[in-house]
Every structure is written in C-alpha cells, then in structure tokens.
Amino acid sequence: MKLIGFLWLICLGLLSMSYAVAKDMKLVTGTDYAPFTSPDLPEGGVITDVVSHVFRKMGYGIDLQYYPWNRGMKRVASLESDVTFPYAKTAEREKDYLYSRPVNLLTVSIFQRTGSARDFNEPQDLVGLTYCQPLGYKTEDELIPLLEASVINRFRADTVDSCIDRLGSGRADFVALNNLVVWAAAKRIWIGQGGIEEAEKPLNTSTEHVIISRHHPDGEKLILEFNRAYQLLLDDGTLKKIWVKHLGENAKPAL
C-alpha cells in the first residue's frame, strides 16, 4: 500500500509538472513590422521567433495573437495578454510597462522620395517637411523639438505601408523608421510610383524589448526569467541560428 501511495504521488507530481510546462504565455505583436514581426512571415518574423523560443525555454506554451500596435499594448495594459513586443523605450511607456533586455538592435533612418530628397545630416534639415508616422510607433526623440515648434508637419497613418505609399506618391515628404522595415514595405506595396531613398547618415540607433504591464502579478519575475533564458539561448548559439535563418548569414541577435 505504501508503494502504491508513493507511486501515486509521483504520478501527481509528473502531471503537475506537465501542466506547468503546458501553460500558455499570451503573446501579442503587430501586423506590419516585417521582417521582425508579421503574420505573413515564417514563424511570424525573426523577433517573434526569438521571443517564442525564449518563452518555450522558460517552460511555457505559446498563445500568439496579432493586433494593431495600440490595441496590442492596451491588451497588455488590461492583462488580456501577458506580453507584447518589440517596443522601444520611451519615458511614457516606462511609467506603465516593464522592459526586458534588448531583443533587437536597429537603425532608424530618414527616407525621402527620389528626385525631391534633401541632403540629411541633422534634424534641422527636415524643417518645412511633412512627416508620416504610423500609429503606435515611437516618435523619435530627435523629431520631438521640431514637432513642438511646429516647424515640421505630421500625418499619422494606420500602417507602415500607408506611410510608404504616401511617401512614394508625394503626399508625405519623409518617414523616420527602421531601414529593414521600410525596404520590406516598399518591396511589398510598390506599384509604379517614384522611388524612395535612404539618407546616408542614420537618425539614430536604438533597441527594442519585450514589455509587460507593471500591474501584471508576475511581471518582474517574468522579466527576470526572460532575461536569463535569452542569455542561455544566446550563449548556446540558438538565437544566432534564428537570425541567420530569417535574414541571412550576416544577421545577428541583440547582445
């Protein structure tokens, strides 16, 4: 009888471990951020693949959904979803969200229409132009003084594709976005419009992160565990393989 009881306890323990491993982490990301996140890409894009691998390393199943950026962030704020990504840091966001270590290092460039592009060396070179910014995307710090002084105009479009379309057709003068995202969008939507060109000098470089609501009951614990699991996958070469698979042999993860 004692043996049977002992075996039963072992079975219960295994069942409970199985349940813990099977518990889903509710992830949400955006729909228009190729090559980093998109429902149209294999494994949802390179950052989606990375983040999913990290949470699986932590022992979670993955429940992944795609929403427009603002809606996805609201879902995390209301705890309908656990995590959203990838997000750059801003003072406003840091009031409400916890940030992981960087999961993406990116270059933000100024793009203008070929044939009407100004030389760009500093933000003041953009004075008098109309800026297209997709909803839910960070306003780059270098552009905030120009917007506050009303020396550039801003049009907010629903998506990156909409901004690139406006830029190509002359209804906007510039965008300030990650270069890989812009070129992916241009390739996806270009239909007989004028070309666009990237300024030689980048506007800035920045990092992007996984974020969790400060009101999430396990938020701080999840961030710590995420950072540890990310480092393990970085050290064993898993993350490098993911980047190379999606973006080629010169691609590399955020360190």
Any idea which of LEU126, LEU106 is crowded, with 20+ Cβ neighbours inside 10 Å and modelled with pLDDT under 95? LEU106
Log entry, pairs with first residue in segment 239-255 being modelled with pLDDT of 95 or more and among the β-branched types (Val, Ile, Thr), second being part of a helix (DSSP H, G or I) and surrounded by 13 or more Cβ atoms within 10 Å (Cβ to Cβ), beta carbons closer than 7 Å, six or more apart or on different chains, reads ILE242/VAL46; ILE242/ASP49; ILE242/VAL50; ILE242/HIS53
Residue match in segment 175-182 (condition: modelled with pLDDT of 95 or more, of a type outside the set (Phe, Trp, Tyr) and part of a loop (DSSP other than H, G, I, E, B)): no
Exactly one of these conditions fails for LEU180: (1) surrounded by fewer than 20 Cβ atoms within 10 Å (Cβ to Cβ); (2) over 16 Å from the mean Cα position of the chain (by Cα). Give me its number. (2)
Checking GLU92, GLU148, GLU142 in turn, the sole residue that is loosely packed, with under 13 Cβ neighbours inside 10 Å and modelled with pLDDT of 95 or more turns out to be GLU148
Of all residues in segment 47-70 being assigned to a helix (DSSP H, G or I) and touching a strand residue (DSSP E or B) at 6+ places or on another chain (Cβ under 7 Å), the one that is surrounded by the most Cβ atoms within 10 Å (Cβ to Cβ): VAL51
Among all residue pairs at least 6 apart or on different chains, which show Cβ distances below 6 Å where the first residue, located in segment 108-126, is within 21 Å of ASP165 (Cα to Cα) and the second is of a type in the set (Phe, Trp, Tyr) and in a loop (DSSP other than H, G, I, E, B)? ILE110/PHE120
When the residues of segment 185-238 are filtered to those that are acidic (Asp, Glu) and touching a Ser or Thr at 6+ places or on another chain (Cβ under 7 Å), which remaining residue is surrounded by the fewest Cβ atoms within 10 Å (Cβ to Cβ)? GLU197
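The values are calculated or read from the model by the stated rules, or taken from the named source; none is laboratory data. The structure displayed is predicted, hence computed values, not measured ones. All Cβ positions, even for glycine, are placed from backbone atoms using ideal geometry, and neighbour counts span all protein chains on display.
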